[in-house]
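The values are calculated or read from the model by the stated rules, or taken from the named source; none is laboratory data. Keep in mind that what you see is a predicted model, and the values were worked out from it rather than measured. As a convention, Cβ positions derive from the backbone with ideal geometry for all residues, glycine included, and neighbour counts pool all protein chains shown. Surface areas here come from the heavy atoms of the whole protein model, side chains and all, with no ligands, DNA or RNA. Shrake-Rupley method; radii C 1.70, N 1.55, O 1.52, S 1.80 Å.
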Amino acid sequence: MPKTPPRLLPTALSTALATASLLAAATLAPAPAVAAGARESVVTALDYNATGWRYLQVPPAGDAPRFQERGYDDSDWAVGQAGFGSPSGQCPWNRPATVKTGWAVNTELLARHWIHLPRDAQEVRIQGTVDNDAQVYMNGTLLQTVASGNCKAGAIDVVVPASALECCNLLAIRARDRGGWAYLNVKVTYVKP
């Protein structure tokens, strides 16, 4: 009768197979989701109180056809610093320290600012405060219509679709004040991978 092989062989074989399986899994395992130094960060492209705004005050429903388009000639407009507004009122931002450029009540403010964004910019976001209403455009595309009333902080808040972005971008805002006090101030941020 043939001799039965020792029972150690199957145990050794199963251990070898298990070790080979673990090595294969470790070799095929994906890299960690976020490598060191590759974290995303939020970058401010245009901050609150930014200088270099081209602006024009017009009567309510004043005519400025296509002012939101990139090719519009604003060379004869005034240049100012945000926040725009009246320096007194019940809004917490209607103070001489926060109003950098005057904006008369019961008028509309047309404001334009060019913004450079890198090609890898993601989640471009426009945020801000307006009293009372605003239409927010990027490169001629209407992104948000706001009716905020009494200086509601964060009333302007929109993520720009990638299809509306270019390397050099025009942010245009038509803000309307309905009396009492006026205010407008925005910032633009993006995520950099």
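Which members of region 78-102 meet the condition of being open to solvent by 20 Å² or more (accessible area, probe 1.4 Å), more than 24 Å from the chain's Cα centre (by Cα) and either at pLDDT below 95 or closer than 18 Å to TRP114 by Cα (or both)?
ALA78, PRO87, SER88, GLY89, GLN90, ARG95, PRO96, ALA97
Say we look at region 67-77 and pick out the residues that are surrounded by 13 or more Cβ atoms within 10 Å (Cβ to Cβ) and of a type outside the set (Asp, Glu); which of these is nearest to GLN135 (Cα to Cα)?
GLN68
Among residues belonging to region 167-193 that are of a type in the set (Phe, Trp, Tyr) and either open to solvent by less than 10 Å² (accessible area, probe 1.4 Å) or part of a loop (DSSP other than H, G, I, E, B) (or both), point out the one that is modelled with the highest pLDDT.
Ranking the qualifying residues of region 167-193, first place goes to TYR183.
Give ALA35, ALA64 a once-over and let me know the one that is surrounded by 12 or more Cβ atoms within 10 Å (Cβ to Cβ), modelled with pLDDT under 95 and of a type outside the set (Val, Ile, Thr).
ALA64
Residues that are over 11 Å from ASN132 (Cα atoms) and hydroxyl-bearing (Ser, Thr, Tyr): does region 154-163 have at least one?
yes
How do the pairs read when you match residues in region 131-149 that are over 18 Å from ALA64 (Cβ atoms) with residues anywhere that are among the basic types (Lys, Arg) and assigned to a strand (DSSP E or B), using Cβ under 9 Å and keeping only pairs 6 or more apart or on different chains?
Note: pairs meeting the criteria are ASN132/ARG176.
List, please: which pairs have Cβ atoms under 9 Å, are six or more places apart or on different chains, and start with a residue in region 83-103 that is without any contact (Cβ under 8 Å) to a residue 40 or more places away in the chain and end with one that is among the β-branched types (Val, Ile, Thr) and part of a loop (DSSP other than H, G, I, E, B)?
Every condition considered, the pairs that remain are PRO87/THR98; PRO87/VAL99.
Within region 39-61, work out how many residues are hydroxyl-bearing (Ser, Thr, Tyr) and loosely packed, with under 15 Cβ neighbours inside 10 Å.
Number of matching residues: 3.
Please verify whether GLN68 is under 15 Å from ILE173 (Cβ atoms), outside any loop (DSSP other than H, G, I, E, B) and of a type outside the set (A, V, I, L, M), treating the condition exactly as stated.
No, not satisfied.
Considering only region 103-166, give the strands (runs of 3 or more DSSP E) lying wholly within it that have at least 2 residues that are farther than 19 Å from GLN81 by Cα and either touching a Phe, Trp or Tyr at 6+ places or on another chain (Cβ under 7 Å) or open to solvent by 40 Å² or more (accessible area, probe 1.4 Å) (or both).
Here the list reads 122-131, 141-147, 156-159.
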